[in-house]
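Structure first, commentary second.
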Amino acid sequence: MLKRMVAILVLAVALNPMRAAAGGAWMEGWNFRRELEVNWEAEKATGDELATAQFYTAGHCAADGQDIRVATEAGQWVPSHVLLMGAGADVGSGNIDQASIVFSLQKGVRKYNVFFGNATQPDHLAPAPPKGMEDVLYKWGVLLETRSYDGQKVDNPQQLQEAFEHSKKAVGKALVDRMFLGISPFDDRPNTLMRLSGSAFAPGEGMYEFAGAVQNRGALFVDGKSVLWVPGLVGDVRFNAKVELKRGRHELVLLAVNFDGEPRLSVGWKRPDSDKVEVINKEAFGALGRASAGPLEERGKPLTADFSQEYLGECFFENHYSHRYKFEAPLPPPLAKAVKVEWDFGDGQRAINLPGSAMGVEHVYLSDGEYALKVSYLNAAGNDTQTTHLLVRRNRASLAHPPTDDALRQSGIVARYERDKLSGSALAWATMLHREAKAWNAMLATAGDLARHHDADVHLMMQALSGASDSAQQNGLAAQMVKVWDAVPKNSKAQPHAAVREAPLLLYRIGDFAKAVALLEPYAHQRDPHDATARNLLRLYGQALVLSGKPDDGKHVLAGLPIEQPERQPAMTGAMARTVEYFITEKDWQSGEEAWEKWQNKFPDEFAEGYSVLLQSKLMELAKYPEAAGKLAEAFALAVPHSSYAPQLLDRASRLQGLSDPEKGRALRALLKEKYPEDPLSQDGGE
C-alpha cells in the first residue's frame, strides 16, 4: 500500500511541473488550453503577420467560440478571431468540436496558448476581449467568406455586392493563401456567394493587367473600385482589365456567385515587368503562418485525455466512401509506460492501448457522419475522459489529390470489429467493403448479421446482400450464401425480394427444388404478374414447381405470365437461344446466364419445352457447379419425360452426377436406356 501511494505521489509531482513548463502561465478564468507553436522567422517580423490554427475543443468551448482567446506563452493577449466553429453552416448537427482561428504573430515569439472554456460572466459568457484584440488586421493572406445565395439578381458588380451584403446566412470563413480556389474548404453545396479579400503588394509602379475566371459570375474590385466583370469560367485571359498602380499594397476584393458544384475561381495579373498573366502568388498577399496545436490541458489536472488524428485514406466502392484514420494519444514516453488508453470511436467499436505499448490505433469509419470519439486515460494518479464530436467525411484539403486507400487494408481492420455493435447501415457497408476487398469469409459473416438485423434500411440491405450473393455464387460459395438468405425473417420488409434472390441459388447452384417451392409459395399467390418483382417471383416459382415434380402446376404458372409480341415468339426465342449457345462455346457462363435470364423473363413458358433447361445445365457446369447441373437435368427429364430434350438431359445427369456418385450415375444411365432405348444417347458412351 505504501509503495502504491509513493508511486502515485511521484507520478503526480512529475506531471504538474511538466505541464506548467510546457504551457507557461494560465490566464485567469480560463479552464482549458492548447499550446500553439508557429514555425516562422519570428525575429524578422513586421507586425502584420498572421497565423491560422485548427484544433479540437472536446466540447469545452462556447458554441459560437466567443470564449476563445490567444496569448503569448508569457501571458500577453494577442488579437485573434474565430473563423469557423465546427465544419460550416448546416454541416453535421452543429455539434462538431472543432475550431478554426486566426491570430496576430508577435516579433520574436514562436509559442502561444489558445484558451477556451470561460463562462465567468452573466449568461455564461466569457469576458469581452481587451480593446484592440477583438479581431486581427487582415494585411496578410486572403480572407474567404462564404454565404448562402438566395436568388437575388447578380447581373453586374453592384448587384453582386448587394447580394453578398444582404445575405445573412454564413456558410464559413477561412484564411487562404491567394485568390485561387478549386475546392471549397467547407462543402460542395450549390448556390453560394463568396468574397475573397486581401492586400496584395505591387512590386513596382506601372500598368497592371488583371484577368479572372469564376465558375459562374464574378467581379473584381481594386482599392474599392470595380475594375473587372467576369461572366464565367474560361481557361484563358479574355476577361481582363488594366489598372495603373503605385508600388505598395492594394486592396483586392473578388466577389463571386456559384450556382452549382464546387466553386472554381482565380485572379491573375500581368505586372509591368512581366510579359504574361500569372495567378497572383501567395507572397504578394503575405505568406501565412500555420500553427500546430499541442495536447489539451485542463486547469488543475495533472493529466488530461486527448488525441491527435491523421487521415490516412479513403476507399471508394458502391458510390460510397469509407475512411481510415490513425488516432494517437499524445503522451510523452515516460507517461506512456504508466497510462492505459481506452478508445471509444462512437460507432460501437472500442480499442485499448496497454501501458508500455504504442499509444495509437487505426480505425475505419464505414460512412460519413458525426461521431463522438471518447478517449480515456487510466493510471495510478487518476483517470480522465474527454469526448470530442468529429465530422467524418472526405478530407477536403486534399480533394485535388485524394489519399486513396486499399480496400483489403480497410477490410482487415473492419473484420476485427464487434459485429453485434454495428448498426444495420454499418453492416451493409462492411459487407460491401469486404466484397470489394474479395474477403469472402468476412463478407459472408457481416452479410449473415445484416440479414438478421431488425432495423436495417431495406434498400441498402438488399444492395449489400445482392452483391454478396453474386460474388458468393461466382466463387463457389453458393451454399454459404443460401444460409445467409435463410436468415432473413419471413416478416422482414426485405421480403419477398430476399426470396427472389435466394431462389435462383437453390434452383441453379444447389439443386434443392423442393426448398425453392417452399420458399416462394407464401408470396406466390395474389400477386400482380405485371409487377417486375412479382413476375420474377412467379417465373421462379413456376420453374421450381416443374423441377420438384409438379410439371402441370408449374406450366400453368408460367403460361399465366403475360408476354409481349407473342406472334414473334418463335423467331425471338430462337435468336435468344443462339445467343446463349454462343456464350457457351466461348465458355463465358456469366454473359450466358445474363442472356438466359433475359430469354426466360421475356418468354417464361419456354422453360417447359426443355431446351432452355439443357442450356442452363451447360452454363452451370461451366460455372463449376456440376452436381447441381446434374440434379437440374435429372429433375426436368423425370418431370417432363415427353420433352424431346429428356434423353439429352438424362445423359447429362448420368455423367455429371456420376462424378461424385458413380452408383447414381450408373442408375441414371440405366434409366436412359430403359426409357429411350431408340435414342443414340442410350448407347454406351453417351454424349
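Quick look at the numbers
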item	result
Span per principal axis, largest first, for the Cα atoms of the range 317-378 (Å)	45, 17, 14
Between 0 and 90°, nearest 10: helix 532-547 axis offset from the chain longest Cα axis	30 degrees
Assigned charges on the beta-carbon of Lys, Arg, Asp, Glu; the chain dipole about Cα centre (debye)	1300 debye
Gyration tensor (Cα) of the range 200-284, equivalent ellipsoid semi-axes in angstrom	22, 13, 11
Virtual spin-label span in nm between K169 and K276, 7 Å along Cα→Cβ	4.3 nm
Kirkwood-Stokes translational diffusion coefficient of the range 279-419, alpha-carbon pairs, 37 °C, 0.692 mPa s, µm²/s	193 µm²/s
Inverse of mean 1/r across different Cα pairs in the range 250-330, Kirkwood, Å	18.8 Å
Accessible-area composition of the range 553-619, carbon plus sulfur, in percent [1.4 Å probe]	50 percent
Set K139/K270; K483/K515; K173/K301 screened for pairs whose C-alpha atoms are more than 24 Å apart	K173/K301
Between the range 639-687 and the range 116-181, the alpha-carbon center distance in angstrom	83 Å
Leading residue at positive end of dipole, the range 296-431 (Cβ point charges), from G382, A305, H320	G382
Accessible area in the full protein assembly, largest first, 1.4 Å probe, for M27, M461	M27, M461
Principal axis dimensions, largest first and in whole angstrom, of the chain by Cα	107, 82, 44
Added length on full extension, which subtracts the Cα-Cα distance from 0.36 nm per residue, H124 to K438	107.6 nm
For the range 38-121: accessible area per residue (Å², 1.4 Å)	39 Å²
Mean Cβ neighbour count within 10 Å, used as a protection proxy, ranking 224-236, 190-202, 480-492, 551-563 highest first	190-202, 480-492, 551-563, 224-236
Exposure of S376 as accessible area (Å², to 10), given a probe of 1.4 Å and all protein chains	10 Å²
Evaluated at q = 0.20, 0.22, 0.24 Å⁻¹: base-10 log I(q)/I(0), Debye formula over Cα of the range 291-354	-0.97, -1.09, -1.19
On Cα atoms only, tilt of 611-622 relative to the major axis of the chain in degrees	50 degrees
Angle in degrees between helix 440-452 and the longest Cα principal axis of the chain, rounded to the nearest 10	90 degrees
Partners for K276 among lysines (Cα-Cα distance below 21 Å; same-chain residues under 8 apart left out)	K242, K246
Between the range 288-314 and the range 435-486, the Cα center-to-center distance that results, in Å	40 Å
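The values are calculated or read from the model by the stated rules, or taken from the named source; none is laboratory data. What you see is a predicted model; the values in this text were computed from it and never measured. Note: ideal-geometry Cβ built from the backbone for every residue, glycine included; neighbour counts use all protein chains shown. The area values use the complete protein model at the heavy-atom level, side chains included, leaving out ligands, DNA and RNA. Shrake-Rupley method; radii C 1.70, N 1.55, O 1.52, S 1.80 Å.
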